[in-house]
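Q: Below you will find the structure I want to go over with you.
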Amino acid sequence: MKKYIDSGKKDTRSGFGAGLLKAGEANPRVVALTADLKGSLKMDSFAAAFPERFFQCGIAEANMVGVAAGMAITGKIPFIGSFAEFVTGRVYDQIRQEVSYGNTNVKIASSHAGITLGEDGATHQTMEDLALMRALPGMVVLNPCDYNQTVQATLAAAAYEGPVYLRFGRPSVPNFTDPEEPFVIGKALVLNEGKDVTLIATGHTVWEALQAAEALEADGISAEVIDIATIKPLDVDAIVASAAKTGAVVVAEEHNMAGGLGEAVAGVLAAKRPTPVEYVNGEDRFGQSGTPSALMAAYGLDAPHIAAAARKAIGRK
Amino acid sequence: MAKTIQELQTVATQVRRDILRMVCKASSGHPGGSMSSTDILTALYFNEMKQDPATWTRDGKGQDMFILSAGHMTPVYYSVLARAGYFPVSELATFRQMGSRLQGHPSIRKGLPGIFQASGSLGQGLSAAAGLAAAKILDGDDNFVWCLCGDGESEEGQIWEAGMFAVFHKLDNLIAMTDWNGKQIDGPVEEVSGEGDLAAKWEAWGWRVIVADGHDFEAILKAYELAKAGKGGGKPTMILWQTEMGHGVDFMAGTHKWHGSVPKPEQLEDALKQLGETPLGDF
């Protein structure tokens, strides 16, 4: 089993900031907009390098979505940035009409996603955003797992022609993927091969799944770990192939059950390869204030919970 | 080539005939607001906008662009586009039919020339227009962006968000317009929302405001010239068009009841008789 090393904790939002700057350097059509969260979204370096291509919209997310759509119609590649709740739930209808139905080349940069937003509590912790964005026809949904992958995902989003939802987070987390690995939209990454159970994870839970795999290995259980950095379009072939090999699946995500990756994977397997599936997610709850790591443990999203779910899935074979 | 006022009146009469025949054929649609904004859109497309249907592309490079924020006014929008040469007039007969490019509300998915953006869910088009205007300034594209909103639509908070953005970013190439007919689905605007004095509100927001009669072509053309003269002044312009819902047909005029209702066959006959025929001919 391949052992992944944390090269030093970093926040994925800083990966977005670095990727945005690179995308802006590579392509003058890239513009960035924020609704009073430039610093939180790590857009400072882009704004300093390209002041004329940076648009402060104030605390008015609905307008920001429409402005970005207008810019995209003229050929710009706009990245709009805010907290995940405020660029999804708050502006769902704007995204639906102006970006999705309007088929504009807008990139929705969604930071502080999930429960690891932490201390601000449930008003700011969306655990429903993936469901909303998955539901939109044609929307590409990306959820990279660490700093390096978020840099690459941002570049891939800029290069892709069409609406993209790019989800990342607030806390510093292990940085372990290859910084040179190009991000391929729609491709799952098999981080570890195994034969007893498949651990499917996305975003912050990928590192947790790797830790779970190590714990399971110590008990003689061989776990395959798959990083689903593209939630839509889902890499159906990779999921089916792995389920066929291991016969048991766990899906871990920092999101609630309804409309999340777990349901997406279950839908694929029910249709193509019925397999026992166990879920590690926020179930049907709101979050609360707390530190990110305490919340991940309290809501059952960390490595020990993934390992427990793996044993349960294996037991159902 | 610019039309004379008499020629504009002829086009407007034909557009009103189109609107009524379209909604009657489809047995659905929104004739009231379409008829209140007929004259202003006729003048805009035939005399004011820098646009060329033959070379139209969605990115609007090198041309003026227009967003219909009040997307339900498709009858007037499609008629004006067809009469201006964007697509065959005969296609107006497909309005709201399955598979038609003339969707109930504007869609970019059917490839209808002239449509820059989807609209229909209210309050969003002014933001898109502001984005077009900001991008044109960034690109050094010296053309205007036009946007038509409804007064009922202006109850949406996003309109005012866009209003703040346009002033803050000095979008003086943006000319927004409101079809100020004072009516919305549930009744007079003042009885539904108490929206109040739009002129005072837009002025307070920092816009150049022009108030003009939206059914008098001389006043309309004058207002457009005044609006365009604001370019370079660092402020967006709002034209508040004083109009009448259902204008041009006596039993439809001045009431909210025709916002989204369709005349019966005998009412259509009466309405078309009132409007009179034009040399342009029906679709």
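The values are calculated or read from the model by the stated rules, or taken from the named source; none is laboratory data. Not measured: the values here are computed from a predicted model. Cβ: placed from backbone, ideal geometry, glycine included. Neighbour counts: every protein chain shown.
Q: Could you check how many residues of the range B:96-121 are within 27 Å of B:Glu156 (Cα to Cα) and either more than 14 Å from chain A (Cβ to nearest Cβ) or in contact with a Gly (Cβ under 8 Å, 6 or more places away or on another chain) (or both)?
A: Matching residues across the range B:96-121 total 12.
Q: Right, here's the next one. Return yes or no: is A:Pro144 of a type outside the set (A, V, I, L, M, F, W, C) and under 14 Å from the mean Cα position of the chain (by Cα)?
A: Considered against the rule, which asks whether it is of a type outside the set (A, V, I, L, M, F, W, C) and under 14 Å from the mean Cα position of the chain (by Cα), A:Pro144 comes out as yes.
Q: Now, a different point. Filtering the range B:221-273 down to residues that are within 17 Å of the chain's Cα centre (by Cα) and part of a loop (DSSP other than H, G, I, E, B), which residue is surrounded by the most Cβ atoms within 10 Å (Cβ to Cβ)?
A: B:Gly246
Q: Of everything in the range A:71-111, what is among the small types (Gly, Ala, Ser), surrounded by fewer than 24 Cβ atoms within 10 Å (Cβ to Cβ) and touching an Asp or Glu at 6+ places or on another chain (Cβ under 9 Å)? Give them in sequence order.
A: A:Gly75, A:Gly89 - these are the residues of the range A:71-111 that are among the small types (Gly, Ala, Ser), surrounded by fewer than 24 Cβ atoms within 10 Å (Cβ to Cβ) and touching an Asp or Glu at 6+ places or on another chain (Cβ under 9 Å).
Q: Let me ask another. Which residues, counting only those in the range B:124-166, are touching a residue at least 24 places away in the same chain (Cβ under 8 Å), closer than 30 Å to B:Asp197 by Cα, within 8 Å of chain A (Cβ to nearest Cβ) and of a type outside the set (A, V, I, L, M, F, W, C)?
A: Those that are touching a residue at least 24 places away in the same chain (Cβ under 8 Å), closer than 30 Å to B:Asp197 by Cα, within 8 Å of chain A (Cβ to nearest Cβ) and of a type outside the set (A, V, I, L, M, F, W, C): B:Gln124, B:Gly125, B:Ser127, B:Gly157, B:Gln158, B:Glu161.
Q: Kindly list the number of the only condition in (1) within 14 Å of the chain's Cα centre (by Cα); (2) of a type in the set (A, V, I, L, M, F, W, C); (3) crowded, with 24+ Cβ neighbours inside 10 Å that fails for B:Leu122.
A: (3)
Q: Return yes when A:Leu210 is over 30 Å from B:Ile108 (Cβ atoms), surrounded by fewer than 24 Cβ atoms within 10 Å (Cβ to Cβ) and either outside the structural domain of A:Leu261 (by TED's automatic domain parsing) or over 13 Å from the mean Cα position of the chain (by Cα) (or both) and no when it is not.
A: For A:Leu210, the condition - over 30 Å from B:Ile108 (Cβ atoms), surrounded by fewer than 24 Cβ atoms within 10 Å (Cβ to Cβ) and either outside the structural domain of A:Leu261 (by TED's automatic domain parsing) or over 13 Å from the mean Cα position of the chain (by Cα) (or both) - is not met.
Q: Let me ask something additional. Quick check on the range A:8-19: of everything there that is touching a helix residue (DSSP H, G or I) at 6+ places or on another chain (Cβ under 8 Å) and small (Gly, Ala, Ser), which residue is surrounded by the fewest Cβ atoms within 10 Å (Cβ to Cβ)?
A: Here the residue is A:Ser14.
Q: Quick check: is even one residue across the range B:75-92 surrounded by 24 or more Cβ atoms within 10 Å (Cβ to Cβ), closer than 25 Å to B:Gly123 by Cα and within 14 Å of chain A (Cβ to nearest Cβ)?
A: No; the residues of the range B:75-92 include none that is surrounded by 24 or more Cβ atoms within 10 Å (Cβ to Cβ), closer than 25 Å to B:Gly123 by Cα and within 14 Å of chain A (Cβ to nearest Cβ).
Q: Still on this model: Can you tell me which residues in the range B:1-44 are crowded, with 24+ Cβ neighbours inside 10 Å and among the hydroxyl-bearing types (Ser, Thr, Tyr)?
A: Scanning the range B:1-44 gives B:Ser34, B:Ser36, B:Ser37, B:Thr38, B:Thr42.
Q: Need at least 2 residues that are out of contact with any Leu (no Cβ under 8 Å at 6 or more places or on another chain) and hydroxyl-bearing (Ser, Thr, Tyr) per element, so show me which helices (runs of 4 or more DSSP H) inside the range A:203-307 make the cut, counting only ones lying wholly within it.
A: A:236-246
Q: Pick out the one residue from B:Leu41, B:Leu20 that is touching a residue at least 24 places away in the same chain (Cβ under 8 Å), in contact with a helix residue (DSSP H, G or I) (Cβ under 8 Å, 6 or more places away or on another chain) and under 25 Å from A:Glu98 (Cβ atoms).
A: So the residue among B:Leu41, B:Leu20 that is touching a residue at least 24 places away in the same chain (Cβ under 8 Å), in contact with a helix residue (DSSP H, G or I) (Cβ under 8 Å, 6 or more places away or on another chain) and under 25 Å from A:Glu98 (Cβ atoms) is B:Leu41.
Q: Do we find that A:Asp120 is crowded, with 22+ Cβ neighbours inside 10 Å, in contact (Cβ under 8 Å) with a residue 60 or more places away in the chain and among the charged types (D, E, K, R) in this structure?
A: So A:Asp120 fails the test.
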